[in-house]
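Asks: This is the structure I want to talk about, given as C-alpha cells.
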Amino acid sequence: IQRSDYWPWLCRQSWYSEHDPLADQYPKIIEKLFGVRKQRRDFFERLISPGVAPKIGYRALVRILNEGWINTVLTTNFDHCIEDAKVLENKPHFLVSIKTPDDLVRFNASSPDPQLVYLHGSVEHYSDRNLDHEVNELDAPIVQRLVPLLRDHPLIVVGYRGNEPSVMNGLLLEQITATNTFAQGVYWCVRETDLQQPLSPLVKELATAIGTNFQ
C-alpha cells in the first residue's frame, strides 16, 4: 500500500486534518475506522504480533530491569515488545505484568521484582484505550497505586510525546501536591534530532509547575 492509495480519500474526510500531526489525530482516526470494538481488537492483535523480534532498545531495557537499576516500567503501548525481549534475553527471570485493574493486587510501589504496568489497558482483555473519551482519564485505582511510586522515585520518560490528558493530567499534573512537586525529579528524554521541536503544551505546563524538578 502506497501513500497515494489512501491519501486522497483520507483528505476528503471531514474528521481528518492534513495540516495537524498524524499522532495528534490518532484517537479520532481509530474511532472512525474501527468503531466496532471487535474490529479494533482484531486489528490491534495482528498489529502487536508482527513476527518481528523486539529492537535493541527493548532488549537493553529488560537487561536494565534485570540489573535492578529500575524496577517499574509504565507504558501507554499495547504491544508485547518488553515481554518478548524478556524471552529473548532470558532476563529478568520474573516480570510482573499488570494489564487490567484486577491485576493491581500484584502491584507494589517497592516491588522486589521488576514490574510492567500497561496504563492504557490490554487489547486481549478489551480494556485498551484508544478513543478520545477513553484517553481523557486513567482508572482511579491505577492512579492511587502509582502516586507513592511517583512520590518516592524519580520518573524517567522515554519515547513519549506527552499528549494524552489521561497521563499528563491524571497521573502527573494533578498529582503535583501528592508527590511533593515530584521532588525526586522528572527526567524528560528526547532525541537529539528533536531538540529544536517544542514540547507539547501539557509537558510545558508540567515543567513550569514543578520548576527545576523537571529536567
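The values are calculated or read from the model by the stated rules, or taken from the named source; none is laboratory data. All values derive from a computational prediction rather than experimental measurement. So basically every Cβ, Gly included, is an ideal-geometry build from the backbone, and we count neighbours across all protein chains shown. Heads up: the accessible areas ignore ligands, DNA and RNA and are worked out on the full protein's heavy atoms, side chains in. Shrake-Rupley method; radii C 1.70, N 1.55, O 1.52, S 1.80 Å.
Asks: What nm value, rounded to one decimal, do you get for the distance between GLN144 and ARG37 when each label is placed 7 Å out toward the C-beta?
Replies: 2.3 nm
Asks: Let me ask you something else. Report, to the nearest whole %, how much of the accessible area of the chain belongs to carbon and sulfur atoms, 1.4 Å probe, protein only.
Replies: Roughly 52 percent of what the probe reaches on the chain is carbon or sulfur.
Asks: Shape call for the stretch 34-75 from the C-alpha gyration tensor, a ≥ b ≥ c root eigenvalues: rounded (a/c under 1.5), prolate (a/b greater than b/c) or oblate?
Replies: oblate
Asks: Once you have a ≥ b ≥ c as the square roots of the Cα gyration tensor eigenvalues for the stretch 11-64, tell me rounded if a/c is under 1.5, and otherwise prolate or oblate according to whether a/b is larger than b/c.
Replies: oblate
Asks: I've got another one for you. Over the Cα atoms of the chain, what is the Rg over Rh ratio if Rh follows Kirkwood?
Replies: My calculation of the ratio gives 0.96.
Asks: Determine which lysines satisfy two conditions relative to LYS86: a Cα distance under 22 Å, and not lying fewer than 8 residues away in the same chain.
Replies: LYS55, LYS99
Asks: Given a Förster distance of 35 angstrom, what is the FRET efficiency for VAL190 paired with ILE29, based on the Cβ-Cβ distance and rounded to 0.05?
Replies: For R0 = 35 Å, the calculated efficiency reads 0.90.
Asks: Roll a 1.4 Å probe over the protein chains and send me the accessible area per residue for the chain in Å².
Replies: 59 Å²
Asks: Give, in nm to one decimal, the length gained when the segment between ALA53 and HIS153 is fully stretched (0.36 nm per residue of separation minus the Cα-Cα distance).
Replies: 32.9 nm
Asks: Straight-line reach only, C-alpha to C-alpha below 13 angstrom: list the aspartates and glutamates that LYS38 could link to, leaving out same-chain residues fewer than 8 apart.
Replies: GLU124, ASP128
Asks: Percent relative contact order of the chain, based on C-alpha pairs within less than 8 angstrom and at least six residues apart?
Replies: Once divided by the residue count of the chain, the mean separation gives 15 percent.
Asks: OK, next. Please work out how much accessible surface TRP9 shows to a 1.4 Å probe, ignoring ligands, DNA and RNA, in Å² rounded to 10.
Replies: Accessible area, nearest 10 Å²: 110 Å².
Asks: Further question on the same structure: Using the beta-carbon distance between ALA109 and ALA60 and R0 = 25 Å, what value does 1/(1 + (r/R0)^6) give for FRET efficiency, to the nearest 0.05?
Replies: Working from the Cβ atoms, E equals 0.55.
Asks: Using a 10 Å cut-off on Cβ atoms, rank the peptides 144-151, 92-99 from the highest mean neighbour count down.
Replies: 144-151, 92-99
Asks: Same structure again: Over every pair of different alpha-carbon atoms in the stretch 17-97, take the mean of 1/r and invert it; report that Kirkwood radius in Å.
Replies: Evaluated on the stretch 17-97, it is 14.9 Å.
Asks: Of the trypsin sites (Lys or Arg not before Pro) in the stretch 32-64, which ones lie in a loop per DSSP and count no more than 15 other C-beta atoms within 10 Å?
Replies: Qualifying residues, ordered by number: LYS55.
Asks: Looking at the stretch 1-73, which GluC sites (Glu not before Pro) are DSSP coil and have at most 12 other C-beta atoms within 10 Å of their C-beta?
Replies: GLU18
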